[in-house]
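Below: one structure, written as structure tokens.
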Amino acid sequence: MARSLTNSKPAVVRRERNCSVARTLDIVSDAWAFLIIREAFFGTQTFEGFRSALGVPRATLAGRLRKLTQLEIFRQVAPAGSQRKEYRLTRMGFDLYPSFVALMQFGDRRLADGKPPPLTLVHMRCGCTSHPIVACSSCGKEVHARDVKFRDGPGAGRRAAKPGRNTRRASDTKRFLLGRPSSVSRVLEVIGDKWSFMVVREAFFGNRRYDKILIELSIAPNILTDRLSRLVEAGVFRKRLYRTSPERYEYLLTDMGRDLYGPFIAMLRWGDRWLAGGKPPLLLRHMTCGKDFHASVICNSCRKPIVAADMQYKLTYDPKAFGALGPRSVS
Ligand SMILES: [Zn+2]
Ligand SMILES: [Zn+2]
């Protein structure tokens, strides 16, 4: 991608690529916000319900619920005869569900340490135990990174980055593990820090080298070094020496890293749909069918799109041990 060389100098105004994944991550890479949305998928609707499931401090919870309501992920309702307000997911909020499911499947496949997944999904439309897949909206086949070409969409371009974000210290990703056992949490512990995921995004754009990623993300060098070494340690990247004296490395996605493509384009889809003002920054073409597409998270059994209302859960743990709600009953 052609870029002005002046961008590699210490920037006066950092500019970042318009990106629907980044917009989505701005929301879900906040550990508390993510955990609150997850509990809402399990049916939690009240302040006290969230508090007891997550052990989150009251002021923090109030702040996050306010923010998520402003973002229109939640709406507040006052049930008849009750003084207390409740929080319901909006359509936009419910629509995050396929992204969560895609992250969960990745966690089940890659981060379970040989243990059974904490949660089994039952798809009520077909009655099957479901292992959803990320598929092409045009042909319905499962999408893999190597089968996709991308190009700029109507919303492509760069905008001034919000100040300060490139120097933010690593958030404590252990926080994602609070509350119930969850494969999505395990994924976010590894890549939920926004910059980690953005580094993975650059790999999907074909940017493998430190200097190139540094320029693309306008990120502080120490942050990039830290994230790359964490991602190597987590098994998402492997490092390859491509030049000696001075030593230079490039970072290649492992099989596990490439497997993040499904969750990546599921989040891209959500950002395009809800945060891009009808102008997606990026268009994807599925080379398998030759058509433009968006990610569709579908049931592997009946091939129908996954929506939150159609899913029930079987848990392999006792939810009461985590102060959390149990599954909606599986009949
Ligand atoms: Zn296709
Ligand atoms: Zn199904």
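Quick notes
- With respect to the stated conditions, residue 112 fails to be buried (at least 16 other Cβ atoms within 10 Å of the Cβ) and at pLDDT below 95.
- Counting only strands (runs of 3 or more DSSP E) that sit wholly inside segment 85-140, those with at least 2 residues that are among the aliphatic types (A, V, I, L, M) are 119-123, 133-136.
- Within segment 309-322, none of the residues are within 16 Å of ligand 1 (Cβ to nearest atom) and among the charged types (D, E, K, R).
- Taken over segment 108-128, the criterion of being under 29 Å from residue 234 (Cα atoms) and out of contact with any helix residue (DSSP H, G or I) (no Cβ under 8 Å at 6 or more places or on another chain) is satisfied by 109, 113, 114, 115, 116, 120.
For every residue, the table says whether it meets (1) among the charged types (D, E, K, R); (2) closer than 18 Å to residue 201 by Cβ; (3) within 19 Å of the chain's Cα centre (by Cα).
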residue	(1), (2), (3)
221	no, no, no
225	no, yes, no
230	yes, yes, yes
233	yes, no, no
236	no, yes, yes
243	yes, no, no
246	no, no, no
249	no, no, no
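- Among residues of segment 122-138 that are without any contact (Cβ under 8 Å) to a residue 12 or more places away in the chain, none has a Cβ under 9 angstrom from a residue that is within 16 Å of ligand 1 (Cβ to nearest atom) and assigned to a strand (DSSP E or B) at a sequence gap of 6+ or on a separate chain.
The values are calculated or read from the model by the stated rules, or taken from the named source; none is laboratory data. Since the model is a prediction, treat every value here as computed from it, not as a measurement. A quick note on method: Cβ atoms are made from the backbone with ideal geometry, for glycine too, and the neighbour counts reach across all protein chains shown.
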